[in-house]
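The values are calculated or read from the model by the stated rules, or taken from the named source; none is laboratory data. Since the structure is predicted, the reported quantities are computational estimates derived from the model, not experimental observations. Note: ideal-geometry Cβ built from the backbone for every residue, glycine included; neighbour counts use all protein chains shown.
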Amino acid sequence: MIDSTQILALVAALFFGLALVLTQFGLRYRGPLQGAAVSIPASTLLFLAASPVLVDFSQWDWRAALIFAAVGSLYPAAVTVLTFQANRQVGPNVAGAVGNLAPVFAVAFAAIVLGAPPRLWDVGGIAIIVIGVTVLAAGRRGSIGGGSWSRLALLAPLGAALIRGVIQPGVKIGLETWPDPYAAALVSYVVSATVVLSVSLWRDPVGPFTGDRRGIGWFVAVGVCNGLAVLTMYMALAGGAVAAVAPLVASYPVATLVFSALLLGHVALNFRIVLGVAVTVVGVALLLMKDG
């Protein structure tokens, strides 16, 4: 029987997968940093607009807020830029599949910080995920939509997976002190928006406001999807263990493949990519069986 925590984690995966595919449309008109300078502030404005209704500021906890702010300095800011860059270099399917390494980092970090070591079942699932990503990156070059990429291009999605995995136990610690997922998302997004806008303006003072305006709408849509994904992931973390939530969220390559087929009909998937994604999803399923 699937509980509410698992449903929330799966909803997060759905929105992460959709955002990854929509990013492909935005990147036709704006670069990764320019896109992040639109998508993250767009999400932040939505969180700020709803905060008077959804956040009980009388319960404000400075310790938790500082943890959420520390998370926000990296997530979603750094992860968004890395994910957009990965999307540009290797496409949404490979970027999503390498993102499956996030639960590996999440479970390992949770064992260190939260004192929750993985069980044998967890180790087996994680090992299969690693094998799947290894299969995915086995070739010197791959092909997605006619483009080619080297194994060095996997560093961007790998870095995003590392950050995404590390922040989940961190958010869990903050939520144990202040169990308000919306407040966690609000604080982290405010900090992330500040970081990405500062970096974008430092790199190019007029950059975020120039370029093809057709990309703005796409990145606003990406921001909404990512914001909903982060919020539902935080809601799942508030009610469940990191080892239970992280693998479910990491199943978003399945959603990426579905949305790619629906929205990016020109995307060509070779056997290695399909096999790599399939094996990583099997690893996620194995991790989930202990909770079924």
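Output the residue which, of all residues in region 1-22 that are crowded, with 19+ Cβ neighbours inside 10 Å and small (G, A, S), is nearest to F84 (Cα to Cα).
Applying the filter and picking the extreme gives A19.
Does A102 fit the bill of being part of a helix (DSSP H, G or I), closer than 30 Å to L263 by Cα, modelled with pLDDT of 70 or more and touching a Lys or Arg at 6+ places or on another chain (Cβ under 7 Å)?
Numbers: part of a helix (DSSP H, G or I): yes; closer than 30 Å to L263 by Cα: yes; modelled with pLDDT of 70 or more: yes; touching a Lys or Arg at 6+ places or on another chain (Cβ under 7 Å): yes.
So A102 fits the description; yes.
Anything in region 36-71 that is modelled with pLDDT under 90 and under 21 Å from Y252 (Cα atoms)? List them, or say none.
Once the filter is applied, which keeps residues that are modelled with pLDDT under 90 and under 21 Å from Y252 (Cα atoms), region 36-71 yields only A36.
So that you can scan it fast, the table gives a plain yes or no per residue for (1) among the aromatic types (F, W, Y); (2) within 17 Å of P181 (Cβ to Cβ); (3) over 18 Å from the mean Cα position of the chain (by Cα):
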{"site": "L8", "(1), (2), (3)": "no, yes, no"}
{"site": "A12", "(1), (2), (3)": "no, yes, no"}
{"site": "R28", "(1), (2), (3)": "no, no, yes"}
{"site": "S39", "(1), (2), (3)": "no, no, no"}
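Scan region 73-91 and report the pairs whose first residue is over 14 Å from F219 (Cβ atoms) and whose second residue is modelled with pLDDT under 80 and assigned to a loop (DSSP other than H, G, I, E, B), with Cβ atoms within less than 8 Å and a gap of 6+ or a chain change.
Once the first residue is over 14 Å from F219 (Cβ atoms) and sits in region 73-91, its partners that are modelled with pLDDT under 80 and assigned to a loop (DSSP other than H, G, I, E, B) give G91/G145; G91/V267.
Tell me which residues, restricted to region 23-67, are in contact with an Asp or Glu (Cβ under 9 Å, 6 or more places away or on another chain) and buried (at least 22 other Cβ atoms within 10 Å of the Cβ).
Answer for region 23-67, where residues must be in contact with an Asp or Glu (Cβ under 9 Å, 6 or more places away or on another chain) and buried (at least 22 other Cβ atoms within 10 Å of the Cβ): R30, Q34, A64.
For W62, only one of the following conditions fails: (1) over 15 Å from the mean Cα position of the chain (by Cα); (2) farther than 19 Å from M233 by Cβ; (3) in contact (Cβ under 8 Å) with a residue 40 or more places away in the chain. What is its number?
(3)
Does A70 meet the test of being crowded, with 19+ Cβ neighbours inside 10 Å and in a helix (DSSP H, G or I)?
Criteria not met by A70.
Any idea which of (1) crowded, with 17+ Cβ neighbours inside 10 Å; (2) farther than 18 Å from L237 by Cβ; (3) modelled with pLDDT under 75 is the one S150 doesn't satisfy?
Single failed check for S150: (1).
Condition first: touching a helix residue (DSSP H, G or I) at 6+ places or on another chain (Cβ under 6 Å) and outside any helix (DSSP H, G or I). Now tell me which residues in region 212-257 satisfy that.
Across region 212-257, the qualifying residues are G240, A250, S251.
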